[in-house]
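As C-alpha cells, the structure follows; a few thoughts come after it.
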Amino acid sequence: MRLLVSCKNRPGIALEILDTLSRHNIDLRGIEVSKDGQVFLRFQNLDFDALQKLMPEIRRISDVKDVVRVPYMPLEREQSEIHTLLHTLPDPVISMDQEGNISVANGAALSLLKLDMEEARGKHLKQWLKGFNLAQWLNSPSEVNCQLEFAGYPYLANINPITVSNDNTFAGGVVVFKNAAQLGRQIAAWNKHSGHFEFIQAKSPRMKRLLRQAKRITEFDAPLLITGETGTGKELLARACHQNSLRNEQPFLTINCAGLPEDAAESELFGQQDPDGTVHKGVFEIADGGTVFMQEVAELPQSLQAKFLRLLQDGSYRRVGSEQELHSEARVICSTQKDLHALCEQGQFRDDLLYRLNALSLDIPPLRERHEDIMPLARHFLRQYNAASRSRLHLSELSRTVLEGYSWPGNVRQLQSAVQQAASVAQGVVIEPENFQLPGYAEEWGLVNREHVTTLDAAIKGFESELLQRLYPAYPSSRKLAQRLGISHTAIANKLRDYGIGKKSLK
C-alpha cells in the first residue's frame with residue numbers, strides 16, 4: 001500500500017508522520033520525500049477500518065494538506081521505466097560495481113551468459129571478456145570504446161564509469177556491447193540515405209529557399225545545372241536531388257569532365273566497341289535509369305559537346321567504334337564554377353548546349369553570403385571528428401566568433417578542412433583561434449603583432465573593433481548586428497559609437 005502526503009515543506013514534519021505510523025504499529029517499507037515537500041509512504045496492506053483511522057490522523061498533523069492513496073512511488077515508477085528500457089534493448093548491456101561484479105544485466109546479455117539475473121548478480125564480469133583488461137580499467141576508469149570478445153562473440157564495446165555524489169565517487173561502470181555486423185548495416189543504411197536534403201545544413205534564408213526549389217526540381221527529369229564556387233557543395237546537392245527522385249534505387253555516377261583526357265573522354269562517356277566485338281560500357285549506359293553527375297561540365301571537350309547535346313535532346317548515342325544506335329534513360333545533372341555565358345561568347349561552349357542545360361538550374365551561394373550556416377556546419381564537422389576520434393572537443397566562444405567572421409574563399413570544403421585540422425592540434429578539449437590555420441587569418445583579425453599588445457583590455461578592444469568593422473557591412477544596423485552576435489542592442493550601439501563604426505564609415 002502507498003500513500004501520498006501533501007504537506008508544507010518544513011523541518012520535522014516527516015518525523016511526525018513516521019511517529020503516527022509507529023503508533024499504529026505499521027511496518028514502513030519505503031519513504032520518499034520530493035523537493036516540494038510531498039511525502040510518499042509504502043507499507044503493508046491495511047484493511048479498510050485501519051486505513052480509515054490512519055489517514056485522518058495524518059491529516060491532523062500541522063501543515064499537512066491532504067492524504068491520498070497512490071498506485072506507486074516515484075522511484076518505483078522510474079525503476080520500472082529503466083527496467084523496461086533496458087530489457088527491450090537488442091544490444092547486451094551490463095552494469096557492474098566498483099570491483100567489476102555484475103549488478104544488473106538486460107535480457108540480451110543474460111541470454112548470452114545463459115544465466116538468469118539472480119545467477120548473474122555478483123559474478124565477476126572479467127570471466128566472459130577477452131581482449132580487454134578490466135582490472136586495469138577499474139583502477140583508472142574513463143570512457144572507453146574498444147573491440148573485445150564477450151561470451152565468445154566479437155563486439156564493439158562502449159564502457160562508461162558510474163559516479164555518484166558531488167565528489168564524483170566511482171561506483172562501477174556500464175558496458176554496452178554493439179554487434180559489429182549490425183552496426184555495419186546501420187552505417188550502410190545511414191550512408192545510403194545521407195544524401196537527402198534533410199542532411200544539408202541550411203539555416204540561412206538563401207539556403208532554405210534553394211532547398212525548397214531543389215525539392216520541386218526532383219519531380220522533373222530534365223537536365224539540371226548546378227552552379228557555385230568551388231567547395232560550396234554542388235555534388236552533395238546533386239546527390240540529394242537523386243536520392244529524392246524516383247530514381248533513388250538506381251545508380252548515381254559521378255564523372256569529372258576536368259579530369260577527362262580528350263582522347264579517352266568519348267569512350268568514357270559513351271562506351272566503346274572493339275574490332276573483335278568486345279564492348280566496354282560507358283557512363284551513360286552503366287547509369288541507365290539512374291543519374292549521371294557531370295562535374296565541371298565547362299571542361300567538356302568541344303569535340304564532344306554536339307554528341308552530348310544529342311543525348312540530352314532524345315537520349316540517343318553511339319559507342320565509339322559502333323554504328324548501333326543506343327538509348328539512355330539516365331538523368332543528367334551538371335555542375336560548374338565557371339560562367340558558361342562568358343564561355344559561349346568566347347566560342348568555347350555551345351550556345352544550344354547551354355540553353356539545354358540551363359532549363360533547370362540551381363545556384364549555391366558562397367559561404368560568406370550565408371553567415372547563419374557557418375556555425376551549424378562547423379558543429380556538424382566537429383561532431384564527425386569527435387565521433388571518429390572518440391573525442392569531446394568543442395569550440396571556444398572566441399573561435400566561434402573568428403569562424404563566423406572569416407571570408408571562407410574555399411567555402412564549405414575549406415571550413416570542413418579547417419575544423420578537422422584545428423581539432424587535430426588542439427590542446428585539451430577546447431579549440432582556440434590559434435589552432436586554426438587560415439590564409440590571411442592573422443592579418444584579417446589583427447593578430448600578427450600580439451607581442452606588441454600591452455594589456456588584455458587593449459587586445460580585447462582591438463579584436464572587437466576588427467570584428468565589428470568586418471561584420472557591420474553585412475549587418476548595417478545596431479539591432480541586426482546585436483541579434484547576429486547574441487548581445488543586447490544597447491551594448492552594440494555603445495561599441496559602434498566608441499569605435500566610430502557606422503553608415504558614414506562605410507562610405
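Every read-out reported here was derived from the displayed coordinates using simple, explicitly stated rules and does not represent laboratory data. Keep in mind the model is a prediction, meaning the values are calculated, not measured. Using ideal geometry, Cβ is built from the backbone for each residue, glycine included, and neighbour counts are taken over all protein chains shown.
Here segment 201-365 is described by how far its Cα atoms reach on the three principal axes: 57, 40, 25 Å, from widest to narrowest. Highest mean packing first, where packing is the average number of other Cβ atoms within 10 Å per residue, the peptides 366-378, 319-331 line up as 366-378, 319-331. Within the straight-line cut-off of under 30 Å between alpha carbons, the lysines reachable from K65 are K8, K35, K53, sequence neighbours fewer than 8 places apart in one chain being disregarded. Charge tally around G107: other residues with Cβ under 15 Å, Lys/Arg +1 each, Asp/Glu -1 each, net -2.
Exposure proxy ranking for R216, R206, based on other Cβ atoms within 10 angstrom of each Cβ and starting from the fewest, stands as R216, R206.
Ordering L75, L343, L224 by the number of other Cβ atoms within 10 Å of each residue's own Cβ, fewest first, gives L75, L343, L224. In the chain, taking the dipole from charged Cβ atoms about the Cα centre, the farthest positive-side position among Q313, T278, Q136 is held by Q136.
Leaving out same-chain residues fewer than 8 places away, which lysines sit with a Cα under 19 Å from that of K178? Candidates past the 8-residue exclusion: K114, K126, K130. In segment 303-384, Rg over Rh equals 1.16, where Rg is the alpha-carbon radius of gyration and Rh the Kirkwood radius from pairwise Cα distances. Positive contributions from Lys and Arg (+1) and negative ones from Asp and Glu (-1), summed over other residues with Cβ under 12 Å from the Cβ of T401, come out at -2. Amide H contacts for V320 (H built 1.01 Å from N in the peptide plane; partners 5 or more residues away or on another chain; cut-off under 5 Å): G271, Q272, Q273. Annotation: the antiparallel percentage among DSSP beta bridges lying fully within the chain is about 70. Charged neighbours of I492, selected by a Cβ distance under 13 Å, balance to +3 (K, R count +1; D, E count -1). Computed on the Cα atoms alone, the convex hull of segment 89-183 gives a volume of 98 cubic angstrom per residue.
Using the alpha carbons alone, the radius of gyration of the chain stands to its Kirkwood radius in an Rg to Rh ratio of 1.12. When only Cα pairs below 8 angstrom with a gap of at least 6 residues are kept, segment 201-365 shows a relative contact order of 35 percent.
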